[in-house]
Structure formats: structure tokens, C-alpha cells
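Have a look at the structure below before the remarks.
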Amino acid sequence: MPTWKLFDLIIVGQGLAGTALAWTLLRRSYRVLVIDRCEPITSSKIAAGLITPITGLRLVVSWRLDEFLPFATRFYRSVEQQTAAHFFELKPMLRLFSSEQEQEQYRQRSQTHFPDLVSVPEPLADPNDFEISQGGFEMTGGAQLDVPTYLNASRHCLENQNSFLEADVDPVKDLEFQSEEVQLPRWNLAAKKIIFCEGIRSQQNPWFQTVPFEGAKGEILTLKIPGLTERRVVHRGVWLAHWKDDLYRAGSTYDREHLNCEPTNAGREEICARLSEFLKRPVEVVDHRAAVRPVIRGRLPIMGLHPEQPQLGFFNGFASKGSLQTPWMADHFVNILEGSVPVEKQLDLSRKIDLRS
Ligand SMILES: Cc1cc2nc3c(=O)[nH]c(=O)nc-3n(C[C@H](O)[C@H](O)[C@H](O)COP(=O)(O)OP(=O)(O)OC[C@H]3O[C@@H](n4cnc5c(N)ncnc54)[C@H](O)[C@@H]3O)c2cc1C
């Protein structure tokens, strides 16, 4: 008879979702194992980690920013302390206008919808570097998570406490359900529950096949821009964010059709063309990546236990907001698992699973 290694929860996937969930559970003293197949390119590994307070042509304040950002800030700062790594920074961001329509939106909404988040410095930016003739504004309440550093530091910490396994879990062949636990015989593992945080890969997970995944491929560039000193994140159609030394990141595209991780010439040209509308310096592309964001119809995260197999859980759908939302959502999910709060209806897995099919 094999000796089973027993955990309270096994988490499948160490992207932004699984990592936030692991930290939240560990802090509440659960025995946790995180399993990840360690692919080099994932949505989280290539993400810019931006938390942008006001977005889009209509200048909309990010959903529940005032609740999620302070929570995320406390969360990342405490993980920084625990891992002795630095990966989270509150950052001012600059939004440059590209049309009179945007100027008008700003005039109509800035005093009513986000007076505390915006200011207009004079000048907005160095006119030798940026096209600022149409105006714009600076936002506070933005931040940037260095996602790879956060994920690596977290993984290291998990490994040190024997809470990490590199493996590819087959959600059907690898799981055996007993009355009180779920077993993974291939590794002699058992847990009370297994939570899938697989990102877009859950689209292929038969347990969750009716969850209406849409997915959105994003491409992102790393650029060398010698001499540019701007350290704020600059947005105008695309964004430009300083990374280190004379390297910047720029992105990202949004493609709902071609859901693969292949960088394309069209994606690269789109980012470079939009960038050249407001950046006056030449750029050299030194890296180019693509991945698929886990978007679920409705564009909100979804969480919960499977209605027919409650030893299975799901925590996914962070779309373009993983950095901002995963800390608060992980806390909410653990509260739900502990029975201390009901799931918010709009986030409820059971509303997304069709048991008839
Ligand atoms: C180009 C681009 C730019 C982005 N920019 C931003 C940004 O600026 N700000 C922001 O907040 N968000 C951004 N995002 C989105 C953000 O990255 C996502 O919200 C986030 O990555 C979702 O994390 P996740 O953990 O759900 O999924 P993933 O990152 O996909 O993580 C899932 C993990 O699970 C593993 N896995 C899956 N299935 C299995 C299995 N069966 N067995 C073992 N391991 C498994 C995968 O290998 C992976 O490591 C961007 C995304 C892209 C593509």
C-alpha cells in the first residue's frame, strides 16, 4: 500500500491566480501543495502586471479599484517581506489624448467620476520625447507588479516548504475521488479538495467544459529606447512602461480569434505603429511574446466548487486584471470555502456550469 502524502488543498496552476490562492491559504495555516507544469510562456509570465486606474476611450475607473487596490497593495507588500524580494510598485501613469472626443470625455467626467485620481502637470511630459499636443492627464492609483519576479519568489518559498511539485495534471486520468478526499495516485498525493487555477487551459478541462471561455490573445514587446528617461507608464492606445535600464515594455494587442502563443508580424507592427503616434524616439525590438488571457464571458472572475463533484474547485477568468484582482478574489474564495461568506452571485461558478450537457 502506498503512503499518501495528505494536504488540505492541492492547487493546479501557479500563475497569478494559483499563487494568490496559495499565499492566502498558507497564511490561514492550511497544508497546501501547488502543482504547475512550468511552461516557459503563460499569460502571467509575459504579463506587464499593470494596474491602470482609468482605462478605455470612455475613461472608466477600473471595477472596484478603491476596494481591490489597497487590498492588493497590502498583499504584495507582505509577500515582498516574506520572500525578501521586490516586485510591487505604486506608479503614476500618464494618459495622452489622441482625439477631441477623449478631451471632451475628460472634461465631462474628471470632476464627477474621478476627481481624486487625476491631475494635469505642466508640461505633461517632455515634448521632445512625446506627442503631447492634444493634452492628457496624470493618474494616481496605478501600480505595476513585476509578475515573473513575484511568481519566482513565491515558487521558491513554496519549494522551501515542500509545497510545490512540477507536473502536468490530467484532470480526468490523474484524479480518483473517495468519500472524504481526492487522490492523485501517480504521485501518491491526497487532499480534501483540488482547485484548478489553470488559466486558459481550463478550456480543455472536461470538468469545466461548459464554462463560457472566450480567451484573448495578447502580444507584448520589449524595446530598447536609449536616452528615454520617462518612468511613468504612458498610455495612448497602447501603453509604454519602463522595465530596467534602457529597456521598456509596450503592448498589448487584443485578438479574440487566434488563441495561440505565436508572436506575429501583424501584432508587432500594430504595437509599433500605435507607439510611433506618440513616442518621438526610435525603438529597437529586443523581444516579442504572446499568450492567451483567460477571459470568461461576462469578463469577471469565476470561482466555486463543482456542483456535482465538490472536491473540485475552480478559480479563473482574470482576463486583463490578474494583478489587481487575484489578492482580493483569493481572500473571498477562501472565505467562501470556509463558509464565512456567500459567493457573490456574479462570481459564482454554479451559474456558469451547465449540468445538462
Ligand atoms: C500580453 C499580455 C499582457 C497582459 N498584461 C497584463 C497587465 O498589464 N496587468 C494585468 O493585471 N494582467 C495582464 N495580463 C493578464 C494576466 O496575465 C492574467 O489575468 C493572468 O495571467 C491570469 O493568471 P492565471 O493564473 O489565471 O493563468 P495563467 O497565467 O495561464 O496560469 C496558469 C498556470 O497553470 C499551469 N497549468 C495549467 N494547466 C495545468 C495542469 N493541468 N497541470 C499543471 N499546470 C497547469 C500553467 O502552466 C500556468 O503556469 C496580460 C496578459 C497578456 C497575455
* Any chance region 74-97 includes a residue that's touching a Leu at 6+ places or on another chain (Cβ under 7 Å) and under 21 Å from Phe164 (Cβ atoms)? -> yes
* **Where Lys91 falls short, out of the listed (1) over 17 Å from Ser320 (Cα atoms); (2) out of contact with any strand residue (DSSP E or B) (no Cβ under 7 Å at 6 or more places or on another chain)** => (2)
* Evaluate the following for Glu181: is it among the charged types (D, E, K, R) and in the same structural domain as Pro127 (by TED's automatic domain parsing)? => no
* Test: Asp129 is under 27 Å from Glu277 (Cβ atoms) and either crowded, with 17+ Cβ neighbours inside 10 Å or in contact with a His (Cβ under 9 Å, 6 or more places away or on another chain) (or both) -> yes
* To do: Scan region 1-40 for residues that are away from the ligand (no atom under 16 Å from the Cβ) and in contact (Cβ under 8 Å) with a residue 12 or more places away in the chain and report the count.
  => 10
* **Test: Ile46 is within 9 Å of the ligand (Cβ to nearest atom), of a type in the set (A, V, I, L, M) and either touching a residue at least 60 places away in the same chain (Cβ under 8 Å) or on the phi > 0 side of the Ramachandran plot (or both)** => yes
* **Entirely in region 266-357, the strands (runs of 3 or more DSSP E) that have 2 or more residues that are touching a His at 6+ places or on another chain (Cβ under 9 Å), within 14 Å of the ligand (Cβ to nearest atom) and of a type in the set (Lys, Arg)** => none
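Residue by residue, here is whether (1) surrounded by fewer than 21 Cβ atoms within 10 Å (Cβ to Cβ); (2) assigned to a loop (DSSP other than H, G, I, E, B); (3) not polar (S, T, N, Q) holds:
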site: Glu39; (1), (2), (3): yes, yes, yes
site: Ser44; (1), (2), (3): no, no, no
site: Ala48; (1), (2), (3): no, yes, yes
site: Arg58; (1), (2), (3): yes, yes, yes
site: Pro70; (1), (2), (3): yes, no, yes
site: Arg74; (1), (2), (3): yes, no, yes
site: Arg77; (1), (2), (3): yes, no, yes
site: Gln82; (1), (2), (3): yes, no, no
* Asked: What number of residues in region 209-236 are within 13 Å of the ligand (Cβ to nearest atom) and in contact with a Phe, Trp or Tyr (Cβ under 6 Å, 6 or more places away or on another chain)?
  -> 2
* Filter result (touching a Phe, Trp or Tyr at 6+ places or on another chain (Cβ under 7 Å) and of a type in the set (S, T, N, Q)) within region 184-207 -> Asn188, Ser202, Gln203, Asn205
* Out of curiosity, is Leu158 surrounded by 17 or more Cβ atoms within 10 Å (Cβ to Cβ), touching a Ser or Thr at 6+ places or on another chain (Cβ under 8 Å) and of a type outside the set (Asp, Glu)? -> no
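The values are calculated or read from the model by the stated rules, or taken from the named source; none is laboratory data. Because the structure is predicted, anything quoted here is derived from the model rather than measured. Methodologically, a virtual Cβ is constructed for each residue, glycine included, from the backbone with ideal geometry; neighbour enumeration extends over all protein chains shown.
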